[in-house]
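This report concerns only the one structure given below.
The values are calculated or read from the model by the stated rules, or taken from the named source; none is laboratory data. What you are looking at is a predicted structure, and each value in this text was computed from that prediction instead of being measured. Neighbour counts are summed over all protein chains in view; Cβ atoms, including those assigned to glycine, are modelled from backbone coordinates with ideal geometry. Protein only, heavy atoms only, side chains kept; ligands, DNA and RNA dropped before computing areas. Shrake-Rupley method; radii C 1.70, N 1.55, O 1.52, S 1.80 Å.
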Amino acid sequence: AYQQAQASQARRILEVGSGTGVILSDLAGHTPAVRVGIDLDAEVTRHAHSLDPAACLAIANGGCLPFASSAFDIVLCHYLLLWTPDPGAILREMKRVAHPGGWVLCLAEPDYGGRIDHPATWAELGLRQTESLRAQGADPNIGRTVRALLAEAGLVPVRSGVLGAEWTDPPCAESVESEWDMLRHDLEGRISAAVLQELEQQDLAAWQAGKRILYVPTFYALAVKPG
């Protein structure tokens, strides 16, 4: 995505919903551009600044970006639209601050409606997580709509797809732990901590036995601002 958007030649890049700064920090290895990030959360923005002091960070709302029109060569988001009540408004603002011919990238938007669990006994846990996401105001099926949302915002979709997956034994402990961090957060108050702990141990045992598959389709899309 960075290569297609010519990140190595960009002057200014904006990440909307920069969070802890992981993506902005990674971008430093792909571009000499000024890297700007905005987020609503002051605490995670402070963390992002400690991780990457060279990035320019601000507290701001993606639906009303505090930047001039056509200010950036690339505007991107990562795992953001899922949480926004009006993703179209976010994308229209991203389009506004991109210069004509500039790029808008949506790098990761999940689609829990296409989730695959094996053994099937784990599917119930996935359904509960999806219900919890909806209760939090998220759209768990946002992934499949991203390409259409870009077109509706007046952008020209160039490329979109779904991230692939593979499984190795023994499983990557960091990946399994990351998934359970999200499950514990999403299912807090819905399933007791003791039951969650037991399920986590069973899940890890299934992974270690080579019997477990979990796949949540994660969509990406690249688009250009006309002009």
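Residues in the stretch 41-66 that are open to solvent by 50 Å² or more (accessible area, probe 1.4 Å), closer than 29 Å to residue 101 by Cβ and either touching a Pro at 6+ places or on another chain (Cβ under 7 Å) or assigned to a loop (DSSP other than H, G, I, E, B) (or both): 54, 61, 64, 66. The C-beta contact set for the stretch 180-205 (first residue buried (at least 16 other Cβ atoms within 10 Å of the Cβ), second residue part of a strand (DSSP E or B) and of a type outside the set (Asp, Glu), distance under 8 angstrom, 6+ apart or interchain) comprises 199/191. With respect to the conditions (1) outside any helix (DSSP H, G or I); (2) touching an Asp or Glu at 6+ places or on another chain (Cβ under 6 Å); (3) among the hydrophobic types (A, V, I, L, M, F, W, C), residue 180 lacks only one, and its number is (1).
For the stretch 170-178, does any single residue satisfy the condition of being surrounded by 11 or more Cβ atoms within 10 Å (Cβ to Cβ), within 22 Å of residue 113 (Cβ to Cβ) and touching a residue at least 24 places away in the same chain (Cβ under 8 Å)? Checking the stretch 170-178: not a single residue is surrounded by 11 or more Cβ atoms within 10 Å (Cβ to Cβ), within 22 Å of residue 113 (Cβ to Cβ) and touching a residue at least 24 places away in the same chain (Cβ under 8 Å).
The listed residues are 176, 216, 146, 158, and the only one of them that is more than 16 Å from residue 82 (Cβ to Cβ), of a type outside the set (Gly, Ala, Ser) and either at pLDDT 90 or above or in contact with a Leu (Cβ under 6 Å, 6 or more places away or on another chain) (or both) turns out to be 158. What residue, among those in the stretch 5-40 that are open to solvent by less than 10 Å² (accessible area, probe 1.4 Å) and assigned to a strand (DSSP E or B), is farthest from residue 61 (Cα to Cα)? That would be 13. Per the listing 125, 133, the residue uniquely aliphatic (A, V, I, L, M), within 24 Å of residue 77 (Cα to Cα) and part of a helix (DSSP H, G or I) is 133.
The single condition among (1) under 20 Å from the mean Cα position of the chain (by Cα); (2) modelled with pLDDT of 95 or more; (3) farther than 17 Å from residue 9 by Cα that residue 35 does not satisfy is (3). Here 210, 227, 154 are screened, and the one residue that is in a loop (DSSP other than H, G, I, E, B), touching a strand residue (DSSP E or B) at 6+ places or on another chain (Cβ under 7 Å), of a type outside the set (A, V, I, L, M, F, W, C) and on the phi > 0 side of the Ramachandran plot is 227. When residue 166 is tested against the conditions (1) part of a helix (DSSP H, G or I); (2) under 30 Å from residue 7 (Cα atoms); (3) at pLDDT below 90, the lone failure is (1).
Scanning the stretch 36-48 turns up at least one residue that is within 24 Å of residue 87 (Cβ to Cβ) and of a type in the set (Ser, Thr, Tyr).
Given the criterion touching a residue at least 40 places away in the same chain (Cβ under 8 Å), among the β-branched types (Val, Ile, Thr), in contact with a Pro (Cβ under 8 Å, 6 or more places away or on another chain) and surrounded by fewer than 18 Cβ atoms within 10 Å (Cβ to Cβ), identify the matching residue among 162, 216.
Working: 216 fails: surrounded by fewer than 18 Cβ atoms within 10 Å (Cβ to Cβ).
The unique qualifying residue is 162.
Of all residues in the stretch 118-159, exactly one satisfies the criterion of being open to solvent by 60 Å² or more (accessible area, probe 1.4 Å) and among the hydroxyl-bearing types (Ser, Thr, Tyr), namely 121.
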